[in-house]
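Accompanying notes for the structure given below.
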Amino acid sequence: MEDFVSGRLLLLLLLCLLQWDQCDGQRVVQIQDGPLYRVEGFPFSIFCSVSGFKGSSEQDFEFGVKKKKGEFNIISTKEPDFAFARFSDRVKQKEIEIERMTGSSALLRIKKAMMDDAGQIFCHTPSTDPRLFGVYEAETTLNVVPDTLKAIYSGSPTQSLFESDPLQLECQVYSETFQHTHLSVTWYVHSAEDEDPRPVITLDRDLTVKPGGGFEDRYHAGLISMDKVEDTTYRLKMPQVQQSDQGKFYCKTVQWIQDPDRNWTEIAHKTSTACDVEIKPIEAQDVGSFSVSTKASKGPLQERDALDIRCSVKAQNLPGYFYSVTWMKNGKNVAQIGPSGMLTVFDSYKDRENSAEMRAVKTSLTDYLLSIHSARTEDQGQYQCEVWQESMNEDGTFKRVQKQLSNPETVNITTKESDLAVVMMMKDAVTEGDALQVTCSVSGFKGSLSVSWQHKKDSVDSFSDVTSLTHEGVMKDTGKRYQSRHVQTLHSPAGNFTLEIGEAGLSDSGEYRCIVSEWIIQSNGEMKKTHTQSQQNKVAVRSVESLMKVTLISREITAPIDSPVKLLCIVERPEVSLAVRWMFRSFNSTAQKDILTIHNAGEITWLTDQRNYQLSVQEQPSSTIFTLIMPRASKRQEGQYQCQVDAYQRGRQKAIKNSNLLAVTIQKPDSKLRLSTLKSRQETTANTDAKIECSILKKTTNSSRFTITWMIGSQMLLNMDLDAVVKYGPAAGVEMDQRIRMTVRQKHTFQLTVHQARTTDSGQYLCEVEEWLQDPLGDWYSLKKLSASTELIVKEKESNLRVQKENQTLNITNLQAGFTADCIIASQSSDKSAFQVTWFKVEEEVTHVIFTAKHDGTLHSALNDKYLVFGRPDATHYKLTVPQTDPTDKGKYYCQVEEWLHTDNTWKRLASDRSGVLSVHVHIKDDPEKQSADPLGVTMGITVPLICFLVLVIVLLLRREHKRNCELKKKKDCLWAENNPLSPVPGDSSCADNHT
């Protein structure tokens, strides 16, 4: 865990140094990427950094957690009492700490994770800026999962073995977590002499096996191994234990998880119970004695000469035993020939054995030869042979019996003249954030080598130290600028020295120099520098931003509706991870909207309806193509598109670039709409239904819909929308919307009907048809608008009113008889017509109105001193009677008839006609005898009752006719006596309704 934290801190410090000159922009707070998974009961840490700030170089940090129940403070660098109650005790007991790494970075440490710690961990930096600008808080998701890791040793708690006996131990290791984790398993031994347990062998999380310190030779010789048996069993095998192996053996497992920043983090560990292993020495047996001698090549040796080391065994009862022979130089193993003849080469000599520079063979039954064909100065030293006498068991394995050490033999090797040469190899340029490697290839050397690395920026004149590697292989003298960075120098056996600077920054550009020195061992054992060569060359560190190019292209910048459109965001970039944001702005808007974001970890966040778009990513060696696809383009998707690309290295944002704006136009299909041609003029008569038809002869598609608008002049009568909902316009008014209707005849014929047309309805009528189609997103769009017009002329009906015109002459001699002027209507314009009848009298060329029966049923007499009787035997027969005649009644009589029609709550005069003339002549005879024979009393006695009877009959008839007409007219909303009561005429009140 500490190694992980140290690695994170080095990366964080390196990032801060690299971006020191960029901290003059807006404030950005960054927290460790999530989601993070940690195990209950184990420690964890979360780091946070801030850049781009103003003010003090030492910033304060506040950590907290957001949950569904609310937001809770955890700890702060500034306020000791910052923590809420649920965290305050743990902060006081230092179970939760905040550690300041640098002035601009801090680490939240929790020594023991609790389930309640899960939530959105946030890191906030209080502002020290003159104005708020940037991001002051960052969040990451923390999940705390239960501890399910197990490490179980199920064997015997103790074992007692003899030296060279086999040892086999097993440990059960497993975890039941749902997250994807890796396990590493290490076997340890802890003897009484050891201060700390010693790792014997490890199976790492990537299934790599590594021996522990001091066990390397035995591991390479196959004398130590670890096998994974099935899924959960890890078996340690040691075929031949040694006295130094005595102690307590146990296994330890570590659970690892890969965080979103690609770093592996230890989240839990468990240790099994131990097995106490006792190793007893082999007791001396009564066996044949033997001796060993060593002999090296004679004479002074120089580099590249052959060096032979011979081991000879002299023994009694030799045929009954086997021997293993090990060559040692200065106490360290060089090579071994086992009892079965198998050769094992140790450590650095493996490469020399593989290149045929060294070999070890058994030359006879008692002689063993180690031969180095091209000796080096490091080959000088004290050589010895260790020989074990071994016996074979019944199962074919060997058991060690006793051992002997030979006499030491000292070998000295002198240095020849050096042909030391150095060649520098490096790339001309590297990308910031990548490792910068400079290699110096060395040839012609004989002794040990050391190297020093130096760097000179382009803006300075002198070199400064980077680091150096001594002839003993120790790295030292690392320059100030590189002490907190990942800098290492490597040395291969072939003589290549490589300087590696992890995560190169822009300031690492410049000239690099390697200074290689050759060293030899003097006779007194001390090292001496003999020759030195150097080389230098330039390298440029290019910023990620300078290497990035973002281009947005498409072959379908103009495309028909419902066709596919592909937008290609081509990103030319170095080896970095990318985040891409697609943006869109419609032509009629100034606001830019996000479509989707591809995060650098690979997840996608959709910010619009995902069904409208598709996405594909194509990786190429030096570029990535992000393709945004509109499978069925819609007018709603018409506008300007842009992609924004962020570059990340190791989870850190290094650059951000926008592409060019790309306008995409979505075209409507060509309309095929055709309308029928209306007559230029249509005529109709008043009080009839006027009909105008507008037909669609051709449409663009079978799925087309239409809106229909009828206009009169420049005002709208009515409109039918796409859902066939009809709305009236201002031209319809309150009254006309009751008389106009639109119906759909057949499929695409729209008929406008004006019921009971009037002359005021005349005008220019226009039918406007707009065709609509539905795009793939369900939106309706207008395709085309056509119109057709006609002039409607409403004429009054020709009058059919005819009044009988027969002229009559009437000679009156009996004044008591009276006379009647008939007014007979021969024909009428409508069966709903009402009539106003007026009688006129012409006397001595002067015309007078004498009586009027109005169309609303009221009667009016113009003669106040004359009794007149009005009668209406039927609907078309009007009578005016003068009951008593006097000489003043002579003259010419006729009637004038006006025809009226009640429509729309108003009376309208249709026509007028007059009757023929009734010429009345009154003759008075002077006959005294008749006058005496018919006295006035007798005459009045007969005439008055007769007149009253006739008047009564006429009144009854008029009342009956009046009642029938009123009932009929009420049904037609007529205006009769109920609404306009009859006006009484002057005269006898008892007969006011019928006569005057």
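The values are calculated or read from the model by the stated rules, or taken from the named source; none is laboratory data. This structure is a prediction, so every number in the text was calculated from the model and none was measured. Here Cβ is always computed from backbone atoms with ideal geometry, including for glycine, and neighbour counts include all displayed protein chains. Surface areas here come from the heavy atoms of the whole protein model, side chains and all, with no ligands, DNA or RNA. Shrake-Rupley method; radii C 1.70, N 1.55, O 1.52, S 1.80 Å.
A few remarks follow.
- Within region 159-175, considering residues that are at pLDDT 90 or above and open to solvent by less than 60 Å² (accessible area, probe 1.4 Å), the one nearest to Arg400 (Cα to Cα): Leu167
- When restricted to residues that are over 56 Å from the mean Cα position of the chain (by Cα) and either buried (at least 17 other Cβ atoms within 10 Å of the Cβ) or of a type in the set (Ser, Thr, Tyr) (or both), region 664-700 contains 7.
- Hey, Ala647 within 30 Å of Val430 (Cβ to Cβ), aliphatic (A, V, I, L, M) and crowded, with 16+ Cβ neighbours inside 10 Å or not: yes
- The set of residues in region 608-626 being open to solvent by less than 60 Å² (accessible area, probe 1.4 Å) and under 18 Å from Lys657 (Cβ atoms) consists of Ser623, Thr624, Ile625, Phe626.
- Here region 124-153 is the region considered, the condition is being open to solvent by 30 Å² or more (accessible area, probe 1.4 Å) and under 23 Å from the mean Cα position of the chain (by Cα), and the residue that is farthest from Glu266 (Cα to Cα) is Val135.
Quick grid of which residues meet (1) in contact with an Asp or Glu (Cβ under 8 Å, 6 or more places away or on another chain); (2) under 22 Å from Val541 (Cβ atoms); (3) open to solvent by 30 Å² or more (accessible area, probe 1.4 Å); (4) among the polar types (S, T, N, Q):
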residue	(1), (2), (3), (4)
Glu394	no, no, yes, no
Phe398	yes, no, yes, no
Thr415	yes, no, yes, yes
Val474	no, no, yes, no
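- The listed residues are Gly70, Gly52, Gly34, and the only one of them that is small (Gly, Ala, Ser), modelled with pLDDT under 95 and more than 16 Å from Ala118 (Cβ to Cβ) turns out to be Gly52.
- The strands (runs of 3 or more DSSP E) located wholly in region 628-740 that include 1 or more residues which are over 26 Å from Leu578 (Cβ atoms) and not hydroxyl-bearing (Ser, Thr, Tyr) occupy 662-667, 681-685, 690-698, 705-712, 715-720, 726-728.
- Where a residue in region 775-798 is within 28 Å of Ala690 (Cβ to Cβ) and its partner, wherever it lies, is modelled with pLDDT of 90 or more and basic (Lys, Arg), with Cβ under 9 Å and at least six apart: Leu786/Arg674; Thr790/Arg681; Glu791/Arg681; Leu792/Arg681; Ile793/Arg681
- Among the residues of region 417-462, those identified as within 25 Å of Thr478 (Cα to Cα), exposed (fewer than 15 other Cβ atoms within 10 Å of the Cβ) and of a type in the set (D, E, K, R) are Lys427, Asp428, Lys457, Asp458, Asp461.
- Checking each residue in region 845-861 for being more than 15 Å from Gln896 (Cα to Cα) and of a type outside the set (Ser, Thr, Tyr) picks out Glu845, Val846, Asp856, Gly857.
- Thr605 being surrounded by 14 or more Cβ atoms within 10 Å (Cβ to Cβ), closer than 29 Å to Gly34 by Cβ and of a type in the set (Ser, Thr, Tyr): no
- Scanning region 259-275 for residues that are part of a loop (DSSP other than H, G, I, E, B), polar (S, T, N, Q) and more than 42 Å from the chain's Cα centre (by Cα) yields Ser272, Thr273.
- Restricting region 871-889 to residues that are of a type in the set (D, E, K, R) and crowded, with 17+ Cβ neighbours inside 10 Å leaves a set whose member that is modelled with the lowest pLDDT is Asp889.
- For region 216-241, the tally of residues that are over 17 Å from Cys171 (Cβ atoms) and either out of contact with any Lys or Arg (no Cβ under 8 Å at 6 or more places or on another chain) or modelled with pLDDT of 90 or more (or both) stands at 9.
- Subset of region 732-747 (residues that are farther than 15 Å from Ile712 by Cα and either open to solvent by 70 Å² or more (accessible area, probe 1.4 Å) or modelled with pLDDT under 80 (or both)): Val734, Glu735, Gln738, Val744, Arg745, Gln746, Lys747
- Residue count for region 215-258, restricted to those that are touching a Pro at 6+ places or on another chain (Cβ under 9 Å) and assigned to a loop (DSSP other than H, G, I, E, B): 7
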